[in-house]
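**Q** This is the structure I want to talk about, given as structure tokens.
The values are calculated or read from the model by the stated rules, or taken from the named source; none is laboratory data. Please read these numbers as outputs of a predicted model, since none were measured by experiment. Backbone-built Cβ (ideal geometry, glycine too); neighbour counts: all protein chains shown. Just the protein is used for accessible areas: all its heavy atoms, side chains included, with ligands, DNA and RNA removed. Shrake-Rupley method; radii C 1.70, N 1.55, O 1.52, S 1.80 Å.
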Amino acid sequence: MKPGKLRVRCAKCRNGGFILQNDPKGWSDVLTPHKLHGDCVIQGCDGKDAEFYFKCGAHETGELESCVALHMVRFNTVGVQCATCLTARDKVVMFNTCHHCLCVECFVSYVESKVRSRDFIQCENIGYTVKCPADCAGSEIKEIHHFRLLGKELYDRYQRFGTEDCVLQMGGLLCPQPNCGMGLLPERHGQRVECPSQNGGCGFVFCRECKRAFHSGPCTQLSAAPPRVENQQVHIKPEAQWEHANAAYIRRIQNRVHSVVFRLRRTVVADI
């Protein structure tokens, strides 16, 4: 995770010669396409819509090169507590809608546990993702690049699991051989399924029903699948919500201002 630099350009000609009518006031202004407007100063272009993008602040980049913003990661300016460890860290990950917060370390541990248990959800417009630990409605992580905080090994595993679940939802199969697991979309009829070695598979031929080596005759009885453990409701303290911490932060500032004003008044009275 590296710091980024916010840039703006004309959405029509994609040139940086663009003057905004109003500055962005929040992430929604930056992430929503064509929300802010302005004037393109490039001759021959009448573009009016602004396009925001980010460049990496850690190294030099080309003019057209950009990077993805991890907009859920925020500097903890208001001292909000992590919902897991109940400490106020420098950076937090704030979930959409509910605005519950986790420190970056606890967020990585939370998502890692989801990856290892394959406890993700499949959303139509998002893909393979997770919700807030309290399972709040609308809290799904929409920008999946946040999962790169897991590191390369776990992120690659997350992508593989997402692909496999997509294949299963399409009516496909996964090769049951250890260290393979290739996604397959075989013909609907017939029990014989082959994992094609010429396309990166292992060449294993197995039965569609029992997932064992292909055989003639009926399948032997399979053991029952272990029951799926449903997510338990997690109670998160108000201190782990951004708005609550922000209100408390404002109250602390107001109390400090009142205290300073009170001391100034006493000083003025004493001088008189």
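**Q** Find the residue count for segment 177-195, including only residues that are closer than 21 Å to ASP165 by Cβ and assigned to a loop (DSSP other than H, G, I, E, B).
**A** 10
**Q** Select from segment 132-168 the residues that are in a helix (DSSP H, G or I) and of a type in the set (Ser, Thr, Tyr) and write down the one among them that is most open to solvent (accessible area, probe 1.4 Å).
**A** Ranking the candidates gives THR163 first.
**Q** Continuing with the same structure: In segment 25-45, how many are surrounded by 11 or more Cβ atoms within 10 Å (Cβ to Cβ) and modelled with pLDDT of 90 or more?
**A** Number satisfying all stated conditions: 9.
**Q** Would you check which residues across segment 1-23 are of a type in the set (D, E, K, R), under 14 Å from PHE52 (Cβ atoms), touching a residue at least 12 places away in the same chain (Cβ under 8 Å) and open to solvent by 60 Å² or more (accessible area, probe 1.4 Å) and list them? Give the steps one after another, and end with the answer.
**A** Initially, segment 1-23 is screened for residues of a type in the set (D, E, K, R), giving 2, 5, 7, 9, 12, 14, 23.
Okay, now just the ones that are also under 14 Å from PHE52 (Cβ atoms), so 5, 7, 9, 14, 23.
This time we only want the ones that are touching a residue at least 12 places away in the same chain (Cβ under 8 Å), so: 5, 7, 9, 14.
Scanning segment 1-23 gives LYS5, ARG7, ARG14.
**Q** Identify all residues within segment 19-77 that are touching a Leu at 6+ places or on another chain (Cβ under 9 Å) and part of a loop (DSSP other than H, G, I, E, B); write none if there are none.
**A** Result: GLN21, ASN22, ASP23, PRO24, LEU36, ALA69, LEU70, HIS71.
**Q** Moving on to the next point. For segment 157-180, state whether one or more residues are in contact with a Gly (Cβ under 7 Å, 6 or more places away or on another chain), among the polar types (S, T, N, Q) and within 20 Å of ASP119 (Cα to Cα).
**A** yes
**Q** Hey, another quick one. What's the total number of residues in segment 103-131 that are touching a residue at least 40 places away in the same chain (Cβ under 8 Å) and not in a helix (DSSP H, G or I)?
**A** Selection size over segment 103-131: 4.
**Q** Of the residues LYS48, LYS91, LYS131, which is of a type outside the set (Val, Ile, Thr), in contact with a helix residue (DSSP H, G or I) (Cβ under 6 Å, 6 or more places away or on another chain) and over 16 Å from ARG7 (Cβ atoms)? Steps first, answer last, please.
**A** Details: LYS48 fails: in contact with a helix residue (DSSP H, G or I) (Cβ under 6 Å, 6 or more places away or on another chain); LYS131 fails: in contact with a helix residue (DSSP H, G or I) (Cβ under 6 Å, 6 or more places away or on another chain).
When all the criteria are applied, what remains is LYS91.
**Q** Report, by residue number, each residue of segment 62-86 that is over 30 Å from ARG9 (Cβ atoms) and open to solvent by 50 Å² or more (accessible area, probe 1.4 Å).
**A** Selection gives GLN81, THR84, LEU86.
**Q** Let me ask something additional. Name the single residue, out of those in segment 46-61 being more than 15 Å from ARG9 (Cα to Cα) and out of contact with any Gly (no Cβ under 7 Å at 6 or more places or on another chain), that is surrounded by the most Cβ atoms within 10 Å (Cβ to Cβ).
**A** THR61
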